[in-house]
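Q: Pasting a structure here, questions to come.
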Amino acid sequence: MSAWKVLLTDGLEENGKAIFQAAAETVDKKGISAEELLQIVGEYDALVVRGRTKVTPAVLEAAKKLKVVGRAGVGVDNIDLAAAKTHNVTVVNSPTATTIAVAELAMALMLAVVREIPRADAGMKSGNWLKKELEGGELWRKTLGVVGYGRIGAAVGVRASAFDMKVIGYDPELPAEEIRKRGAEPVTLDELYARADIITVHVPLVASTRDMFNAEAFSKMKKGVILIDAARGGVIAEDDLLAALNSGQVAAAGLDVFSTEPPGDIELVKHAHVICTPHIGAQTAEAQQRAADDIANEVLAALRGEELRWRVA
């Protein structure tokens, strides 16, 4: 048995645990507090988290033996990458594992919004037959604007094309030809705002994307646009979205993520034209098993000094 010690703080599927246990001493401290993490992290060579655990400069300072942090999932905004670099700690993630799950949820939110499925279901359960009130819309021949045409954005584009939607895409990190290869018409962000009937968000939360969907952005969109966000909370300025919904500039929204999670009893969540889910984009059995397998192998590769597929920092 290796002398490596691996700490799991947010849980991991059994297949991932088994990979770790075969190669290292593995300790599962699911739900550990920030205070306890600071006390014990110094014992470990690897730390594996999801989105809950905050890997702060203080954590990295206390982690004297730490060689690698693994994020079981895509987003790494809960890990201080600059501090990791300062302390010579490698950061890896599992970016492909949840692609299908998130893409399918984005499509589900679109369909739920345009057909008012939650309202229809609630009516049935309360004994109300709302047939005449529920004249929805169709995805057919609507223009879908995909902001962020990476793995997940492109996967949404493929599925939207199957609904005969016109897919346009914006991604500042990709050349136009690559967006075209992935099946979308490349456009500028302002052009996307002006043309899209539905906009779906697939960008990370970084300094340049925080609150990018704000009052100014909403003013550039087609009146009555539908907004879908299954990416990251904080990308949408939530007070501005609420105002745009109340004015009718934005007709409806489907949101899986929020600036603060859980968001609490806020007006945006309760709005009649908003459908919300509790950050479940990656929460499928299949995606979680893929993520566990991928992150376990990637973390162990980092410990062994092998070539990495998904190094973030």
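Q: Tally the residues that are over 16 Å from the mean Cα position of the chain (by Cα) and either part of a loop (DSSP other than H, G, I, E, B) or within 23 Å of residue 151 (Cα to Cα) (or both), restricting the search to region 231-252.
A: Count: 3.
Q: Return the residues of region 191-227 that are surrounded by 13 or more Cβ atoms within 10 Å (Cβ to Cβ) and on the phi > 0 side of the Ramachandran plot; say none if nothing qualifies.
A: Hit for region 191-227 is 211, nothing else.
Q: Out of (1) touching a residue at least 24 places away in the same chain (Cβ under 8 Å); (2) within 17 Å of the chain's Cα centre (by Cα), the odd one out for residue 207 is which?
A: (1)
Q: May I pose another question? Does any residue of region 110-126 turn out to be out of contact with any strand residue (DSSP E or B) (no Cβ under 7 Å at 6 or more places or on another chain) and either modelled with pLDDT under 95 or not in a helix (DSSP H, G or I) (or both)?
A: yes
Q: Considering 55, 49, which residue is closer than 18 Å to residue 289 by Cα, among the aliphatic types (A, V, I, L, M) and buried (at least 24 other Cβ atoms within 10 Å of the Cβ)?
A: Working: 55 fails: closer than 18 Å to residue 289 by Cα.
Step by step, each of 55, 49 is checked, and only 49 is closer than 18 Å to residue 289 by Cα, among the aliphatic types (A, V, I, L, M) and buried (at least 24 other Cβ atoms within 10 Å of the Cβ).
Q: Also: Being in contact with a helix residue (DSSP H, G or I) (Cβ under 7 Å, 6 or more places away or on another chain), closer than 19 Å to residue 12 by Cβ, assigned by TED's automatic domain parsing to the domain that holds residue 298 and at pLDDT 95 or above, is that true of even one residue in region 29-38? Outline the logic, then answer.
A: Taking region 29-38 as the starting set, the residues that turn out to be in contact with a helix residue (DSSP H, G or I) (Cβ under 7 Å, 6 or more places away or on another chain) are 37-38.
Narrowing further to those that are closer than 19 Å to residue 12 by Cβ: 37.
Among the residues that remain, those that are also assigned by TED's automatic domain parsing to the domain that holds residue 298 are: 37.
Cutting the leftovers down to at pLDDT 95 or above gives us 37.
Yes, region 29-38 has at least one match.
Q: Report whether or not residue 24 is in contact (Cβ under 8 Å) with a residue 60 or more places away in the chain, closer than 18 Å to residue 312 by Cα and crowded, with 20+ Cβ neighbours inside 10 Å.
A: Working: in contact (Cβ under 8 Å) with a residue 60 or more places away in the chain: yes; closer than 18 Å to residue 312 by Cα: no; crowded, with 20+ Cβ neighbours inside 10 Å: yes.
No: the conditions fail for residue 24.
Q: Considering only residues of region 185-200 that are of a type in the set (A, V, I, L, M) and either assigned to a strand (DSSP E or B) or not assigned by TED's automatic domain parsing to the domain that holds residue 229 (or both), which is nearest to residue 229 (Cα to Cα)?
A: Restricting attention to region 185-200, the residues satisfying the condition of being of a type in the set (A, V, I, L, M) are 187, 189, 192, 194, 196, 198-199.
Narrowing the set further to residues that are either assigned to a strand (DSSP E or B) or not assigned by TED's automatic domain parsing to the domain that holds residue 229 (or both) leaves 198-199.
Values: 198: 11, 199: 9 Å.
Top of the filtered list is 199.
Q: Out of 143, 99, 188, which single residue is hydroxyl-bearing (Ser, Thr, Tyr), closer than 30 Å to residue 13 by Cβ and surrounded by fewer than 23 Cβ atoms within 10 Å (Cβ to Cβ)? First the steps, then the outcome.
A: Numbers: 143 fails: closer than 30 Å to residue 13 by Cβ; 188 fails: closer than 30 Å to residue 13 by Cβ.
Sole residue among the options that is hydroxyl-bearing (Ser, Thr, Tyr), closer than 30 Å to residue 13 by Cβ and surrounded by fewer than 23 Cβ atoms within 10 Å (Cβ to Cβ): 99.
Q: Given the criteria of a type outside the set (Lys, Arg) and either at pLDDT below 95 or part of a loop (DSSP other than H, G, I, E, B) (or both), does residue 23 qualify? Let's see the steps before the verdict.
A: Numbers: of a type outside the set (Lys, Arg): yes; either at pLDDT below 95 or part of a loop (DSSP other than H, G, I, E, B) (or both): yes.
Considered against the rule, which asks whether it is of a type outside the set (Lys, Arg) and either at pLDDT below 95 or part of a loop (DSSP other than H, G, I, E, B) (or both), residue 23 comes out as yes.
Q: Output the residues belonging to region 253-278 that are closer than 18 Å to residue 234 by Cβ, free of Cβ contacts under 8 Å to residues at least 40 places away in the same chain and in a loop (DSSP other than H, G, I, E, B).
A: Within region 253-278, 257, 258, 259, 260, 261, 262, 263, 264, 266, 278 qualify.
Q: On to the next question. Identify, from the list 42, 51, 16, the residue that is within 24 Å of the chain's Cα centre (by Cα), modelled with pLDDT of 95 or more and outside the structural domain of residue 233 (by TED's automatic domain parsing).
A: Values: 42 fails: within 24 Å of the chain's Cα centre (by Cα); 51 fails: modelled with pLDDT of 95 or more.
Exactly one of 42, 51, 16 is within 24 Å of the chain's Cα centre (by Cα), modelled with pLDDT of 95 or more and outside the structural domain of residue 233 (by TED's automatic domain parsing), namely 16.
Q: Out of (1) of a type outside the set (D, E, K, R); (2) assigned to a loop (DSSP other than H, G, I, E, B); (3) under 24 Å from residue 15 (Cα atoms), the odd one out for residue 70 is which?
A: (2)
The values are calculated or read from the model by the stated rules, or taken from the named source; none is laboratory data. Computed from a prediction, not measured in an experiment: that's the story for all the values here. Reconstructed Cβ throughout: ideal geometry from the backbone, glycine too, with neighbour counts over all protein chains shown.
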